[in-house]
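The values are calculated or read from the model by the stated rules, or taken from the named source; none is laboratory data. In this text the structure is predicted, and so the values were computed from the model without any measurement. Quick reminder, even Gly has a Cβ in these numbers, built from the backbone with ideal geometry, and neighbours come from all protein chains shown.
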Amino acid sequence: MNLVPISYYLVLSAILFGLGIVAFVFKRNIITIFMAIELMLNAVNLAFVAFARAHNQLDGLVFVFFVIVVAAAEAAVGLAIVITVYQNRRTLNIEQINLLKF
Amino acid sequence: MSLPFIVFFICALVAVGGALMLILAREPIHSALSLVLVMISLAVLYLLLGAEFIAAVQIIVYAGAIMVLFVFVIMLLNAGIEERTDYSKLAKYAGLPLGMFLLLELAHWMAHSAVGATIANGSEAANTAASTRELSTQLFQKYLFPFEATSILILIAILGALVLAKKDE
Amino acid sequence: MLILDHLWIILALPLLGAAINGLLGKNFRKPIVNAVGIGSVSVAFLSVAELVREFMRLSAGQIPWVKSYFTWITAGQFKVDFALQVDQLTIVMLFVVTFVSLLVHIYSTGYMAHEEGYYRFFSYLNLFVFFMLTLVLAANVVLMFVGWEGVGLCSYLLIGFWFLKPSAISAGKKAFITTRIGDFGFTVGILLLFWTFKSVDFRTIFAQTLHMQPEAFAPAGVLTLICLLLFTGAIGKSAQLPLYVWLPDAMEGPTPVSALIHAATMVTAGVYMVARMNPLFSRAPFAMFIVALVGALTAFYAATIGLVQTDIKKVLAYSTVSQLGYMFLGLGVGSYAAGVFHLMTHAFFKGLLFLAAGSVIHAMGGDQEMPHMGGLRNKIPVTFWTMLIATFAIAGIPGFAGFFSKDEILEAAHSAPHASTLLWLLGLVGAGLTSFYMFRLVFLTFFGEPRYDEHKVHVHESPKSMTVPLILLAILSTVGGWVAAPHLVNGPDYFSNFLSPVFTAYPAAGAIVNEGAAPESASMVLLHALTGWPVIIALLGLLVAWWFYIKSPETPKKFAQSLRGPYTLILHKYYADELYNAAIIQPLLWVSTNVLWHVVDEGLIDGTVNGVARVARESGAELREIQSGNARSYASWVVIGAVGVTLLMLGLWGMGR
């Protein structure tokens with residue numbers, strides 16, 4: 001039985017992570033940036049599951065479980081913040097929300 | 001070229017394609033839907049890796065709840081095509097090269113790492129049958145404290161979201 | 001053994017007086033200030049008298065008597081004690097300093113009676129006495145230098161006593177700075193001294209010289225170098241060529257100050273120092289020659305300037321410079337006793353001259369210009385007669401103090417080992433000039449018709465507090481030289497014999513210590529002395545002065561007209577001050593302003609400090625731009641960091657495999 005080598009999954013995870021970073025740096029809409037973060041988290045989850053499979057342990061899966069839970073909580077609060085910011089600044093362009101500067 | 005390989009490559013392509021669409025889409029809603037696509041393909045990959053529970057949780061929670069939340073917010077805020085502002089020269093010029101470099105570096109590293117060559121060992125049956133039960137046992141024994149802590153975390157998140165989104169009376 | 005064991009008392013008393021008058025004197029009434037000031041010096045003088053009595057009972061082996069009180073400095077090998085010593089030379093100096101100081105203090109109660117800052121004057125005077133006594137009593141070079149610097153300080157304070165007068169302030173600064181130049185040489189000399197002898201204590205140093213041969217007659221050799229450097233200090237402090245320029249300006253100070261500091265005591269510190277270091281000088285013939293040459297040249301040069309001055313105190317100032325030259329001439333040709341003898345007699349008659357001049361100025365209501373005087377001899381007789389006695393003394397009229405000392409010096413110059421004729425000739429002509437200008441002073445001031453408005457100036461004799469010191473000094477100016485008188489009839493020269501242990505304790509092979517000519521019969525010696533060149537030239541000077549200023553008073557003007565060039569040159573003091581200003585002061589100011597101030601201070605130092613601040617500010621300004629508030633740029637920075645860490649992990653920390 002030729003199963004897929006673990007390294008393939010890890011490479012895929014790396015690719016997805018890199019794409020998530022590029023998206024984070026390049027997109028201007030706050031919500032899109034949030035989604036890029038979620039993409040990165042997913043890539044990391046993939047890596048965790050792959051390693052769990054590789055070492056034949058369940059700890060990786062438990063960790064993935066917690067990542068998903070925390071991502072959910074984070075998304076909820078984060079989007080609430082985004083809504084509040086939109087109500088105040090009337091824009092979703094992250095480059096125009098720049099008051100925290102020198 | 002066995003079936004797992006084919007499934008893997010299809011799902012990998014779909015995932016990467018979804019990620020690229022997320023970057024290249026002009027409307028946020030398109031990005032959101034591409035992300036859902038990515039998540040679904042990842043769920044299939046989890047199944048390939050023998051983590052059915054996680055795959056299920058991924059679909060139910062991630063794709064089914066979080067992304068729905070994203071879509072709702074996009075609709076609520078009527079997020080449209082974003083303006084082309086470019087205030088950061090650093091991001092404009094250095095962002096892509098650096099990101100790609102990081103990507104390739106990590107990929108290269110993963111490809112040639114000691115772990116990567118491991119083929120998933122053990123029989124599939126042995127893993128699948130016991131995995132969910134095993135997982136839940138781990139969750140409620142070894143990782144009980146983090147489990148309970150995350151429930152409090154969710155509670156706080158709910159409160160936070162409520163407070164933040166409340167209209168000023 | 002009361003005083004010998006407690007030598008510090010002599011120092012402590014004037015210091016105490018200075019402190020009390022200085023700190024509390026503002027609130028004292030005049031009699032209290034007087035009591036403190038005069039009292040401290042008179043008790044010091046009495047202590048010196050007692051010291052002399054005890055000293056006479058010491059045996060030869062106990063001299064020099066040294067008492068070390070505490071260790072002042074220890075730094076490795078460099079050890080300086082607060083140690084005081086007494087030998088015959090010290091006794092002579094102590095006597096001169098305390099006695100003349102006492103008389104000046106008493107005189108000052110009258111002269112300064114109407115002055116503001118009366119208490120301050122006495123405080124400074126006492127402080128000066130303290131430092132001068134320290135200088136004289138010191139048993140090592142460093143302590144002597146403390147006294148040396150201290151008297152310089154007091155000189156500055158007292159010259160600038162009327163500190164609201166700009167010319168007085170400038171004169172004080174000029175004195176301090178000019179002597180500082182000499183003091184620099186002195187300091188280097190001390191360093192070289194310590195380096196050579198590994199000690200600064202006189203006894204230790206002199207004991208080491210016993211093993212040293214006299215050096216060659218050349219500006220080389222460590223002893224010669226030391227002596228030359230120490231002598232530069234003396235050039236400054238004792239106003240010789242070329243550092244004499246401060247002494248005439250120092251006349252800005254009150255006349256008692258001029259009498260005490262710039263005639264009798266401070267300016268003689270250089271002479272004392274050379275006499276004290278005689279074992280070194282005796283072994284450095286070139287240095288001795290320089291001393292004699294500088295002395296002779298100064299004696300002549302200053303006398304020429306004194307010929308045409310119109311300010312009575314300036315005449316006396318240049319006369320002091322000239323007489324100091326004679327003292328150095330005597331020291332330089334090996335006749336140390338003659339030099340010190342002249343120091344003592346000069347203290348008497350020059351002190352008297354200055355105090356009497358002060359009396360004249362007091363009578364004239366503050367005017368110091370001789371062309372405004374005339375015919376005063378009947379109006380202020382005591383001043384006149386005492387001043388006349390002093391003039392006889394300084395001119396070298398036989399019988400008076402100056403005659404004996406000057407005669408000894410010129411005789412010693414005659415038999416000097418190098419350039420004796422030149423030195424003797426300079427000294428002789430200088431003596432003639434001295435006689436001339438001193439009698440010129442007397443004739444212009446006291447004889448002839450009054451050239452002032454008798455209704456405006458009320459000439460009156462000075463109070464007793466001023467005239468009594470004049471009389472005492474006049475007595476000493478007469479009899480002060482008689483300690484050497486028997487020498488003229490082939491008897492013993494008591495003074496030289498008294499001092500000889502100091503100058504023969506460390507004899508060098510082939511050293512030049514000139515202590516007398518070949519013996520002749522008594523009457524021949526007397527005749528020789530009385531008809532020798534010095535007497536002739538002194539009387540010649542008196543005659544010419546009489547001719548110029550009494551017999552035919554138009555002669556000076558005609559003389560000046562015909563010799564207009566030289567006359568103008570001398571009148572402007574050979575343009576020495578202008579020369580120094582142009583050659584030294586202006587360039588120095590230029591360098592200070594343009595180089596040291598603009599380039600070094602503003603450019604380098606301020607530039608560095610301000611530059612550091614500027615760099616910090618500018619780099620901060622650059623760096624804070626990073627916090628732009630733009631989240632994308634923050635994200636980029638994070639990515640950069642991530643890339644960096646990943647590279648490190650793969651490369652440096654070797655996690656690649």
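Taking (1) in a loop (DSSP other than H, G, I, E, B); (2) touching a residue at least 40 places away in the same chain (Cβ under 8 Å); (3) not hydrophobic (A, V, I, L, M, F, W, C) in turn, C:HIS455 satisfies each apart from (2). Look at (1) under 24 Å from A:GLN96 (Cα atoms); (2) crowded, with 22+ Cβ neighbours inside 10 Å; (3) of a type outside the set (Asp, Glu) and you find that B:ARG84 fails only one, number (2). Among the residues of region B:85-97, those identified as out of contact with any Lys or Arg (no Cβ under 6 Å at 6 or more places or on another chain) and facing chain A (nearest Cβ under 8 Å) are B:THR85, B:TYR87, B:GLY95, B:LEU96. Considering C:ALA511, C:ALA431, C:ALA485, C:ALA522, the condition of being within 31 Å of the chain's Cα centre (by Cα) and either surrounded by fewer than 16 Cβ atoms within 10 Å (Cβ to Cβ) or at pLDDT 75 or above (or both) is satisfied by C:ALA431 alone.
Yes/no matrix, rows are residues, columns are (1) surrounded by fewer than 24 Cβ atoms within 10 Å (Cβ to Cβ); (2) β-branched (Val, Ile, Thr):
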position: C:LEU353; (1), (2): no, no
position: C:ILE361; (1), (2): yes, yes
position: C:MET364; (1), (2): yes, no
position: C:MET370; (1), (2): yes, no
position: C:ASN378; (1), (2): yes, no
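Any residue at all in region B:83-104 that is modelled with pLDDT of 85 or more, under 29 Å from A:ALA80 (Cα atoms) and in a helix (DSSP H, G or I)? Checked region B:83-104: no residue is modelled with pLDDT of 85 or more, under 29 Å from A:ALA80 (Cα atoms) and in a helix (DSSP H, G or I). Does region C:202-225 contain at least one residue that is in contact with a helix residue (DSSP H, G or I) (Cβ under 6 Å, 6 or more places away or on another chain), within 20 Å of C:ALA317 (Cβ to Cβ) and either of a type outside the set (D, E, K, R) or surrounded by 16 or more Cβ atoms within 10 Å (Cβ to Cβ) (or both)? No, region C:202-225 has no match at all.
Restricting the search to region C:54-65, which residues are in a helix (DSSP H, G or I) and within 29 Å of the chain's Cα centre (by Cα)? Give the steps one after another, and end with the answer.
The first filter runs over region C:54-65 and keeps only residues in a helix (DSSP H, G or I), leaving C:54-56, C:60-62.
Passing the criteria: only C:PHE55.
Are any residues in region C:380-428 surrounded by fewer than 19 Cβ atoms within 10 Å (Cβ to Cβ), among the aliphatic types (A, V, I, L, M) and assigned to a helix (DSSP H, G or I), and if so, which ones? Once the filter is applied, which keeps residues that are surrounded by fewer than 19 Cβ atoms within 10 Å (Cβ to Cβ), among the aliphatic types (A, V, I, L, M) and assigned to a helix (DSSP H, G or I), region C:380-428 yields C:VAL382, C:LEU388, C:LEU422, C:LEU425. Restricting region A:28-75 to residues that are charged (D, E, K, R) and facing chain B (nearest Cβ under 7 Å) leaves a set whose member that is farthest from B:MET21 (Cα to Cα) is A:ARG53.
When the helices (runs of 4 or more DSSP H) confined to region C:530-585 are screened for residues that are more than 20 Å from C:LEU410 (Cβ to Cβ), those reaching at least 3 such residues are found at C:555-562, C:564-571, C:576-580.
Here is a yes/no grid of residues against (1) more than 30 Å from B:ASP86 (Cα to Cα); (2) within 14 Å of another protein chain (Cβ to nearest Cβ); (3) outside any helix (DSSP H, G or I):
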residue	(1), (2), (3)
C:VAL599	yes, no, no
C:VAL609	yes, no, no
C:ALA613	yes, no, no
C:ILE626	no, yes, yes
C:GLY629	no, yes, yes
C:SER633	no, yes, no
C:SER636	no, yes, no
C:ALA642	no, yes, no
C:LEU647	no, yes, no
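What's the number of the only condition in (1) farther than 23 Å from B:VAL44 by Cα; (2) of a type outside the set (Ser, Thr, Tyr); (3) within 7 Å of chain B (Cβ to nearest Cβ) that A:ASN98 fails to meet? A:ASN98 satisfies every listed condition except (3).
Go over the candidates C:LEU588, C:LEU648, C:LEU579 one by one and state the one that is over 59 Å from the mean Cα position of the chain (by Cα) and at pLDDT 85 or above. Don't jump to the end; show me each part of the working.
Working: C:LEU588 fails: over 59 Å from the mean Cα position of the chain (by Cα); C:LEU579 fails: over 59 Å from the mean Cα position of the chain (by Cα).
Step by step, each of C:LEU588, C:LEU648, C:LEU579 is checked, and only C:LEU648 is over 59 Å from the mean Cα position of the chain (by Cα) and at pLDDT 85 or above.
Return the only residue of B:GLY80, B:GLY50 being more than 8 Å from chain A (Cβ to nearest Cβ), part of a loop (DSSP other than H, G, I, E, B) and touching an Asp or Glu at 6+ places or on another chain (Cβ under 9 Å). Can you show your working first?
Working: B:GLY50 fails: more than 8 Å from chain A (Cβ to nearest Cβ).
Every option except B:GLY80 fails the conditions.
Looking across region C:568-612, the residues that are in contact (Cβ under 8 Å) with a residue 60 or more places away in the chain and out of contact with any Ser or Thr (no Cβ under 7 Å at 6 or more places or on another chain) come down to C:LEU571, C:LYS573, C:TYR574, C:ALA576, C:ASP577, C:TYR580.
Take C:LEU193 and decide whether it is of a type outside the set (Gly, Ala, Ser), surrounded by 23 or more Cβ atoms within 10 Å (Cβ to Cβ) and outside any loop (DSSP other than H, G, I, E, B).
Values: of a type outside the set (Gly, Ala, Ser): yes; surrounded by 23 or more Cβ atoms within 10 Å (Cβ to Cβ): yes; outside any loop (DSSP other than H, G, I, E, B): yes.
In short, yes.
The helices (runs of 4 or more DSSP H) found entirely in region C:72-170 that carry 2 or more residues being more than 19 Å from the chain's Cα centre (by Cα) and of a type in the set (Ser, Thr, Tyr) are C:88-111, C:118-137. B:VAL73 meets each of the listed conditions (1) surrounded by fewer than 17 Cβ atoms within 10 Å (Cβ to Cβ); (2) modelled with pLDDT of 90 or more; (3) within 7 Å of chain A (Cβ to nearest Cβ) apart from (1).
Report yes if C:ILE261 is crowded, with 24+ Cβ neighbours inside 10 Å, modelled with pLDDT under 90, part of a helix (DSSP H, G or I) and not hydroxyl-bearing (Ser, Thr, Tyr), otherwise no. Yes, satisfied.
Would you call C:SER465 surrounded by fewer than 24 Cβ atoms within 10 Å (Cβ to Cβ), of a type in the set (S, T, N, Q), more than 25 Å from the chain's Cα centre (by Cα) and over 26 Å from C:SER282 (Cα atoms)? Don't jump to the end; show me each part of the working.
On the way: surrounded by fewer than 24 Cβ atoms within 10 Å (Cβ to Cβ): yes; of a type in the set (S, T, N, Q): yes; more than 25 Å from the chain's Cα centre (by Cα): yes; over 26 Å from C:SER282 (Cα atoms): yes.
So C:SER465 passes the test.
Once region B:27-47 is narrowed to residues that are in contact (Cβ under 8 Å) with a residue 40 or more places away in the chain and in a helix (DSSP H, G or I), the residue that is farthest from the other protein chains (Cβ to nearest Cβ) is B:ILE29.
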